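J.: Below is one structure. I have some questions about it.
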Amino acid sequence: KYLPENDEEEDDDEVIKVAIIGKPNVGKSSLVNKISGVNRAIVSDIAGTTRDTTDTFIENEYGKFNFIDTAGLRRKSRVDDAIEKYSIIRTVTAVERADVVVIVIDAIEGVTEQDAKIAGIAHENGKGVIIAVIALDQGKACIIAVNKWDAVEKDGNTMKEYRDKLANDFSFMSYAPIMFISAKTCQRIDKLYEMISFVHSQNS
């Protein structure tokens, strides 16, 4: 009786559920911490620090969001731990319940085969979502976020080269917009909110 009354699911329809997925150490937890302004997720250089999904609710001028931080997904050949197998299942479940999936890539390491496989998880949970501003078959809206962009040595062609590489390796999800961000410096984090709202609206 001392607990506040539950508002039931009064605002649930307004909350955009966003799954953050990617390999270990690409900056998923750092991104969620920066977005929330609280060091809620443990950040470490040691792969496998995040073992389970965590939900972080944010409300700001861009809307209401539930960011779902997930465990990093390694290649199957390197997964021999029962807890890690459980983490993979939890990550897939997070993708299934999300409205928008943000696929985080390490800008320093570059695009890898494992990144493409992880993107495939989101793609298979909602094939063919967005072309330009036209919402197609109902499915999962995706954003490709190239993180740690602040740490990349750049010239006039760096961003174009990344885009071309992604267009080739992620040709199966050409509908997904690409963003170059930095969780460390907050570069384009506000734009990420806007893009999440945009792809969600196009997919509603």
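The values are calculated or read from the model by the stated rules, or taken from the named source; none is laboratory data. Predicted model only: the values in this text are computed from it and were never measured. Every residue, glycine as well, gets a Cβ built from its backbone with ideal geometry; the counts of neighbours run over all protein chains shown. What goes into the accessible areas is simple: the full protein's heavy atoms, side chains included, and nothing from ligands, DNA or RNA. Shrake-Rupley method; radii C 1.70, N 1.55, O 1.52, S 1.80 Å.
J.: Could you tell me whether Phe170 is under 16 Å from Ile103 (Cβ atoms), crowded, with 21+ Cβ neighbours inside 10 Å and free of Cβ contacts under 8 Å to residues at least 60 places away in the same chain?
T.: Yes.
J.: Ok, one more. Of the conditions (1) in a loop (DSSP other than H, G, I, E, B); (2) closer than 23 Å to Val95 by Cβ; (3) open to solvent by 80 Å² or more (accessible area, probe 1.4 Å), Asp155 clears all except one; give me its number.
T.: Condition not satisfied by Asp155: (2).
J.: Output the residue which, of all residues in the stretch 140-197 that are aromatic (Phe, Trp, Tyr) and more than 16 Å from the chain's Cα centre (by Cα), is farthest from Lys34 (Cα to Cα).
T.: The residue in question is Phe172.
J.: Turning to a different aspect of this structure: Based on this model, can you work out whether Glu194 counts as open to solvent by 10 Å² or more (accessible area, probe 1.4 Å), charged (D, E, K, R) and either free of Cβ contacts under 8 Å to residues at least 40 places away in the same chain or closer than 17 Å to Asn125 by Cα (or both)?
T.: No, not satisfied.
J.: Mind listing whichever residues of the stretch 173-191 are part of a strand (DSSP E or B) and open to solvent by 50 Å² or more (accessible area, probe 1.4 Å)?
T.: Gln187
J.: A further question on this structure: Quick one: Glu14 ticks every box in (1) at pLDDT 85 or above; (2) open to solvent by less than 40 Å² (accessible area, probe 1.4 Å); (3) not aromatic (Phe, Trp, Tyr) except a single one, so which number is it?
T.: Just one mismatch for Glu14, condition (2).
J.: While we're looking at this one, here's another question. Hey, any hits in the stretch 176-188 for a residue that's on the phi > 0 side of the Ramachandran plot and in contact with a strand residue (DSSP E or B) (Cβ under 8 Å, 6 or more places away or on another chain)?
T.: Within the stretch 176-188 (the criterion being on the phi > 0 side of the Ramachandran plot and in contact with a strand residue (DSSP E or B) (Cβ under 8 Å, 6 or more places away or on another chain)), the answer is yes, since at least one residue qualifies.
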